[in-house]
Amino acid sequence: MRQYLDLMDRVLTTGTKQVDRTGTGTLSVFGEQMRFDLAQGFPVLTTKQLHLRSIIVELLWFLRGDTNVAWLRDRKVSIWDEWADEAGDLGPVYGKQWRDWETADGRHIDQIAELIDQIKTQPASRRQIVSAWNPGDLHAMALAPCHCLFQTHVADGKLSLQLYQRSADIFLGVPFNIASYALLTHLLAQQCGLAVGDLVWTGGDCHLYANHLDQARLQLTRDPGPLPRLEILRQAPSIDAYEYEDFALHGYEAQPHIKAPVAV
Ligand SMILES: Nc1nc(=O)c2c([nH]1)NC[C@@H]1CN(c3ccc(C(=O)N[C@@H](CCC(=O)O)C(=O)O)cc3)CN21
Ligand SMILES: O=c1ccn([C@H]2C[C@H](O)[C@@H](COP(=O)(O)O)O2)c(=O)[nH]1
């Protein structure tokens, strides 16, 4: 994960000071890219311990089409709690847009099912896109989508995926986002009978919050270790039928966790 540390270092040393929506203040750089060959290991940070259960459960929750935090809370995942209303609702966020995008003429589009169908039947298609950025629904969302669009690509029997993340909390959010989309690539590849290729992460506003700078500097003193390997223990009958227990990460050895407050 040297790419990640290099990006963190660039934001720290060349970032511009910004006054952001949360009032915390950031250092920010615009337009960055990282590439991870998923055959070389599962891209999870080794320079701080990551809470993988939160990441896996959150992805399964998106894939269920769920937008209420109750299912996450039942599984002891609290990362969305700050944004939910009294009923636990977040509005039409990722799960809704991925699985049930509503069009002006009353149709319901399951973008994930259509994506899988397209990968299987038209692997050379350049239109394998899923968007969470639905301008008509933004006003009703607790938070506008950060990882707002992704595209897949098939070549040589391998599935690659590129994510566009318009706003990237480098210390807290990005390690989650990289691992989450790596897992999504593995799931899509398994469902389509393909091997995994590259995960390409593209970021818009890449920022370090002012109250994450010491934590970032500490992390930059650490050397990354070898990446673990993901094993999917069974092939679920459909992409929304995986469970947390279906995954095993072998050889994940990380340095101690580094705590940081999340900007709301
Ligand atoms: N400012 C901000 N950064 C984000 O990364 C972020 C948001 N807001 N809002 C929506 C989601 C929620 N996500 C989050 C929220 C909290 C953590 C967090 O606190 N992570 C802790 C561990 C917490 C846990 O797993 O229980 C960490 O140290 O990684 C991570 C991602 C990603 N998103
Ligand atoms: O998956 C996610 C979700 C959110 N973030 C971060 C990026 C920003 O720091 C905030 C969102 O604030 P905006 O004002 O809407 O940009 O959350 C992330 O990194 N990853």
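Per-structure values
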{"item": "The one condition in (1) within 16 Å of ligand 2 (Cβ to nearest atom); (2) assigned to a loop (DSSP other than H, G, I, E, B); (3) farther than 21 Å from Asn68 by Cβ; (4) open to solvent by 20 Å² or more (accessible area, probe 1.4 Å) that Ser167 fails to fulfil", "result": "(2)"}
{"item": "Answer residue from the stretch 147-160, given it is open to solvent by 30 Å² or more (accessible area, probe 1.4 Å) and within 14 Å of the chain's Cα centre (by Cα) and is nearest to ligand 2 (Cβ to nearest atom) among those", "result": "Leu149"}
{"item": "Pair list, Cβ under 6 Å, 6 or more apart: the stretch 174-203 residue of a type in the set (Gly, Ala, Ser), other residue open to solvent by 10 Å² or more (accessible area, probe 1.4 Å) and in a strand (DSSP E or B)", "result": "Ala189/Val196; Ala195/Lys158; Gly197/Lys158; Gly197/Ser160; Gly203/Glu32"}
{"item": "Output for the stretch 134-145, where each listed residue is in contact (Cβ under 8 Å) with a residue 24 or more places away in the chain and open to solvent by 30 Å² or more (accessible area, probe 1.4 Å)", "result": "Gly136, Asp137, Ala140, Ala142, Leu143"}
{"item": "Any hit, the stretch 74-89, residues being over 17 Å from the mean Cα position of the chain (by Cα), open to solvent by 40 Å² or more (accessible area, probe 1.4 Å), near ligand 1 (Cβ under 10 Å from one of its atoms) and among the acidic types (Asp, Glu)", "result": "yes"}
{"item": "Sole exception among (1) without any contact (Cβ under 8 Å) to a residue 60 or more places away in the chain; (2) among the small types (Gly, Ala, Ser); (3) in contact with a His (Cβ under 8 Å, 6 or more places away or on another chain) for Ser238, by number", "result": "(3)"}
{"item": "Residue in the stretch 6-21 that is surrounded by the fewest Cβ atoms within 10 Å (Cβ to Cβ), counting only those that are of a type in the set (Lys, Arg) and more than 19 Å from Pro175 (Cβ to Cβ)", "result": "Lys17"}
{"item": "Verdict on Arg21 being of a type in the set (D, E, K, R) and either part of a strand (DSSP E or B) or away from ligand 1 (no atom under 11 Å from the Cβ) (or both)", "result": "no"}
{"item": "Selection within the stretch 173-203 - near ligand 2 (Cβ under 9 Å from one of its atoms) and more than 16 Å from Asp6 (Cα to Cα)", "result": "Gly173, Phe176, Asn177, Ser180"}
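The values are calculated or read from the model by the stated rules, or taken from the named source; none is laboratory data. The shown structure was predicted, so the numbers you read here are calculated from the model rather than taken from an experiment. No Cβ is skipped: glycine too gets one built from the backbone with ideal geometry, and neighbour counts run over all protein chains shown. To get the accessible areas, we keep the full protein, side chains included, count just its heavy atoms, and leave off ligands, DNA and RNA. Shrake-Rupley method; radii C 1.70, N 1.55, O 1.52, S 1.80 Å.
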